[in-house]
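Let me begin by presenting the structure, written as structure tokens, before commenting on it.
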Amino acid sequence: MNLSLRPVTEKDVNEFSGTESYGGMSDKERLCMIQDSIRGICRDKYYKLLAAVDGSDVVGFVSLCGHSAHNVSIGLDIRQEYRNRGYGTAALRLALDFVRREGFTVASASMRENNAASQALNPKLGFEELTGYVNDRGIRIKVFVKNLLDRGIIDS
């Protein structure tokens with residue numbers, strides 16, 4: 001595995017199939033999201049969408065949404081055929097380094113309560129469970145947070 005993150009481009013519009021977050025979107029919705037990422041802003045806040053790439057294969061995506069000058073949420077979506085092969089761990093490590101270089105000091109991650117893989121991954125990389133809630137669709141969500149000033153777990 002030789003994973004890297006790169007900004008999405010409009011050429012990536014068809015690469016979203018096989019993802020949970022983006023697979024059901026129309027091409028028009030995906031293009032709008034990509035254009036927001038290229039501008040680096042969505043709803044007046046920091047926004048980046050990065051492709052997780054191994055060689056020439058797009059294995060998934062990482063979304064970065066700023067909540068303040070110091071806090072960013074990281075959303076990870078690995079394509080179904082690449083799951084359980086270490087890509088999520090590698091992509092999250094790269095994303096943590098990326099947002100630290102962007103100047104963020106706190107990262108958060110939210111996921112469905114029934115997403116066992118994500119719930120295992122986040123603590124492995126130094127996230128702590130902060131809270132939980134039920135979203136407007138009735139889905140139970142867990143929220144994890146990580147202090148980005150603590151480099152120990154990312155570098156190991």
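What is the stretch 73-156's relative contact order, in percent, from Cα pairs under 8 angstrom and six or more apart in sequence?
Averaging sequence separation for qualifying contacts and normalising by length gives 31 percent for the stretch 73-156.
Within the chain, which is the longest segment containing none of the trypsin sites (Lys or Arg not before Pro) that sit in a DSSP loop and have at most 11 other Cβ atoms within 10 Å?
Formally, the longest exposed-site-free interval is 44-136.
Please report, in whole Å, how far the alpha carbons of the stretch 3-155 spread along each principal axis, starting with the longest.
Extents along the principal axes, in whole Å: 36, 33, 32.
Roughly how big is the chain's charge dipole about its Cα centre, with Cβ charges of +1 (Lys, Arg) and -1 (Asp, Glu), in debye to the nearest 20?
In debye, rounded to 20, the chain gives about 180.
I want to verify a result. In a Gaussian network model of the chain, Cα cutoff 10 Å, which of these has the top mean-square fluctuation: Ile78, Ile139, Ile41?
Among Ile78, Ile139, Ile41, the largest GNM mean-square fluctuation belongs to Ile139.
So for the chain, if I pair up every lysine 8 or more residues apart or on another chain, how many of those pairs have alpha-carbons under 21 Å apart?
Counting lysine pairs in the chain gives 7.
Charges on Cβ only, +1 for Lys and Arg, -1 for Asp and Glu, centred on the Cα centroid of the stretch 3-155; of Cys32, Ser56, Ser17, which one is farthest towards the dipole's positive end?
Result: Cys32.
Mind checking which of Asn114, Ile141, Gly103 is farthest towards the positive end of the stretch 103-154's charge dipole, using Cβ charges of +1 (Lys, Arg) and -1 (Asp, Glu) about the Cα centre?
Asn114
So for the chain, averaging the separation of alpha carbon pairs under 8 Å that are six or more residues apart and normalising by length, what relative contact order in percent results?
Relative contact order for the chain comes out at 18 percent.
What is the set of long-range amide H partners of Val59 at a cut-off below 5 Å, with H atoms built 1.01 Å from backbone N?
Here Ala52, Val53, Asp54 satisfy the definition.
Subtracting the Cα-Cα distance from 0.36 nm times the residue separation, let me have the gained length for Met25 to Leu130 in nm, one decimal.
In short, 34.8 nm is gained.
In deg cm²/dmol, rounded to 500, what helix-only [θ] at 222 nm does the chain give when every DSSP H run of at least 4 residues adds -39500 (n - 2.57) and the total is split over its residues?
Computed mean residue ellipticity for the chain: -8000 deg cm²/dmol.
Values in this text are rule-based calculations from the coordinates and carry no lab data. None of these values were measured; they are calculated from a predicted model. Cβ coordinates were reconstructed from backbone atoms using ideal geometry, including for glycine residues, and neighbour counts include every protein chain displayed.
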